[in-house]
Structure formats: C-alpha cells, structure tokens
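Once you've had a glance at the structure underneath, I'll fire off some questions.
Each value in this text was obtained by applying a stated rule to the coordinates, not by laboratory testing. Predicted model only: the values in this text are computed from it and were never measured. Quick reminder, even Gly has a Cβ in these numbers, built from the backbone with ideal geometry, and neighbours come from all protein chains shown.
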Amino acid sequence: MLIFAKDISERDHKNQREGENQALREYMEYQRKLFPYTVIRAGLDLAYKELDDILNYIDNDHQKPEGSMREDYPSDIPEWYRQQFPWSGSFMAMEDMHSLLVLLIKAMDSFRTYEKGNTYHWTVLYDTTRNIVRVYNELLSADPAHARDIQLSQAVEVNFEDFINNYWPHLEFMILSKPDFSHTRLMERVQLVEDFVKERMAEGEAPLAALEQAGTQFGLDPATLSLLRRDPISPDLAALQTFSLKESPYDFLFQTVPDSDDTSFAGLSFLDAEYEKNFNLVRSQTPA
C-alpha cells in the first residue's frame, strides 16, 4: 500500500473538536463520505488504460489495434499527453509514465507492505487523481448512474484541492512553476524554496546550482532535483521504497500536539490538527 500523508484506508475518523463546532463536523462528515483508496486506485486505472491505448496505437503505426475498444485517437498525441498529464507529462516521457503507472498500481494492490513514493510518483498521482475527480464530478451531475460505477464517494463531489491538501506530503514538483490550485499550506514550503533559489540567483548563482543548494538547505526529496532538471528517470528513482507492515508510517499522527508547537491545536492529535487546519483553509476560501 502506498504511504500518503494520512492513511487512505481510514474513512471513519472523528475529530475531537467536531462536537463543539458544527462547521467542522460538516467538514468531517464530508471526509467520511469519501473513499480515498478508490479515488487513488481509480485514477491510476483510468490513466493506465488511456496511456496504454495510445502507446499501442503508436506501436501499430498509428492505426487502431485489432480488438481495441477505443473509437477515437488524438490527432496530436504530444498535445494530448500534455493536456492529459500537465505536470507529469512535462517531466517524463510516455513510456516512463507507463512504467510508473504499472508500479503504482501494483503497490496499491499489495496489502503486505508499505511503499513510499518520491517526487516522480507524487507528480504522476497528482495528475491521475485530478483526472478521475473531474470525470467523477461531471458524472455526478450529468449521469449519476455511471458515477456509481466509479463511486469515489457517497454521492458527493470530491473537492480535489482539499483532497490533495489532506493526502499529499509535499508538492515539490511545483517548485518554480505556477500551481493550478492554491494549495496554500503545501505551497508555503515551496515558496520558501523558491525565495531561496531566487536570492541565490540574484547573487550570481546559476539556476541549477541554486537548486542544489536549496536541496541541502530544505532537505528536498532526492528525486526532486532530478525531476526539476528533467533528467532521464533512473531505475533507482523509479522504484518505490518498501517497508514492513510492522513499521506503521501513521503512528505519529496520533501523538499529541505540544503547547510549544501550536497553542491553538495543543492537546489535539496531529491528525485532528491537520484536518482542522485544512478545514480552516476550505472555510477561508468559501464565499460568505
């Protein structure tokens, strides 16, 4: 199972403070209506089928392969790839993307180990999740019966930005790029890295050298610099890091926030604090 910022197999968490805050309770009730594992898994499945169809079409001399169920193929495949995978498609070739999708699907289907991804994997997962959420939300409005075939939730639209805010550990692939969504909390660290890089460049450092210094300064994922440089993806960076189920990656979320960290959340578990911070973010972005 892939390791996220929160456990995607946990659907019934109740926040310690939702009993005293109706708006927070409604936010948590929405969270309990989501099927996070299915969101991720369905996104990977859709992306794999789409990309596999296109690669088979290319291998068949741009002719419809025998037995293909697809009716239409894009006339401009590079443009289709850029639109379908706006982030990951900017950093990796279709063949590399296909290999990563296979790897991620296998990890999602395995319940005997935990698998930790790196920036390459988070970039792919961002695009695949965005695509399936868009399809599902459109079906909920236009064709609810078909939406139930995917069933990413208990018949509620999935808030993509909030979903990313809750489950992604970082957005380092967005460094020095313009995000599609604000992702305010996750982008705070990205902004710090960007400011550091710009300061070094203003002092005469070359962009790549400034990025390497930022990697050391901020402890960036080892794959981040490789991705941002658009290096060919190496086998070691394509691989997932495996951990035993005995090494639970989520135990720290149930520890208590100390007074010294944040007095407004002191006494809560880190998990409850994270949900409440993202709830506050959603509330601040919702028109009155």
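Say R0 is 41 Å: what FRET efficiency, to the nearest 0.05, do Ser248 and Ser141 get from their beta-carbon distance?
Using R0 = 41 Å, I get an efficiency of 0.60.
Roughly how many nanometres apart are two label points built 7 Å out from the Cα toward the Cβ at Lys49 and Glu79?
2.6
Compute the normalised compactness of region 1-64: alpha-carbon radius of gyration over 2.2 N^0.38 Å, N being the residue count.
For region 1-64, the normalised Cα radius of gyration is 1.81.
Using only Cα atoms, locate the centre of region 222-258 and the centre of region 154-188, then give the distance between them in Å, rounded to an integer.
Region 222-258 and region 154-188 have Cα centres separated by 18 Å.
If each residue of separation counts as 0.36 nm, what is the full-extension length gain between Asn56 and Gln255 once their alpha-carbon separation is subtracted?
Net length gain for the segment: 66.7 nm.
Using only the alpha carbons of region 160-285, determine the length spanned along each of the three principal axes and report them from longest to shortest in whole angstroms.
Dimensions of region 160-285 along the principal axes of its Cα atoms: 46, 37, 31 Å.
Here is a further query. Which helices count as membrane-span-like in the chain under these terms: full DSSP H, at least 20 Å along the axis by C-alpha, Kyte-Doolittle mean of -1.0 or more?
Both cut-offs are met by 36-59, 94-108, 119-142, 184-202, 270-285.
Working out 0.36 nm times the residue gap between Ala202 and Asp231, then minus their Cα-Cα distance, what length gain in nm do you get to one decimal?
Computed gain between Ala202 and Asp231 is 7.9 nm.
If you don't mind, there's one more thing I want to ask. Of (1) 41; (2) 66; (3) 50, which is the value of percent of Cα pairs over 26 Å apart derived from the coordinates here?
Computed from these coordinates, percent of Cα pairs over 26 Å apart corresponds to label (3).
Could you check the simple spin-label distance between Asn280 and Ser90, using points 7 Å along Cα→Cβ, in nm with one decimal?
3.0
Pairs of Cα atoms under 8 Å, at least six residues apart: use those to get the relative contact order of the chain, whole percent.
24
When every alpha-carbon pair in region 1-158 is counted, what percent end up more than 22 Å apart?
51
In which sequence would Ser226, Ser248 go, from the one with the fewest C-beta neighbours within 10 Å to the one with the most?
Ser248, Ser226
Right, another one. Counting each DSSP H run of 4 or more residues in the chain as -39500 (n - 2.57), what helix-only mean residue ellipticity at 222 nm follows after dividing by all residues, to the nearest 500 deg cm²/dmol?
Helices in the chain give a 222 nm mean residue ellipticity of -17000 deg cm²/dmol.
When only C-alpha pairs under 8 Å and at least 6 residues apart count, what is the relative contact order of region 114-266, in percent?
Taking the mean separation of contacting Cα pairs over the length of region 114-266, I get 31 percent.
Note down, for region 226-271, the three equivalent ellipsoid semi-axes (square root of 5 times each alpha carbon gyration tensor eigenvalue), biggest first, whole angstrom.
Over the Cα atoms of region 226-271, the semi-axes work out to 35, 18, 5 Å.
Run through all the Cα pairs of region 95-210 and give the fraction in each 5 Å bin from 0, expressed as whole percent.
Going from the shortest bin to the longest, the percentages are 2, 9, 16, 16, 17, 16, 11, 6, 3, 2, 1, 0.
Please rank Phe243, Phe279, Phe254, fewest neighbouring Cβ atoms within 10 Å first, as an exposure proxy.
Phe254, Phe243, Phe279
Which aspartates and glutamates have a Cα less than 17 Å from the Cα of Lys49, not counting those fewer than 8 places away in the same chain?
Asp59, Glu66, Glu71, Asp72, Glu95, Asp96, Asp109, Asp127, Asp149
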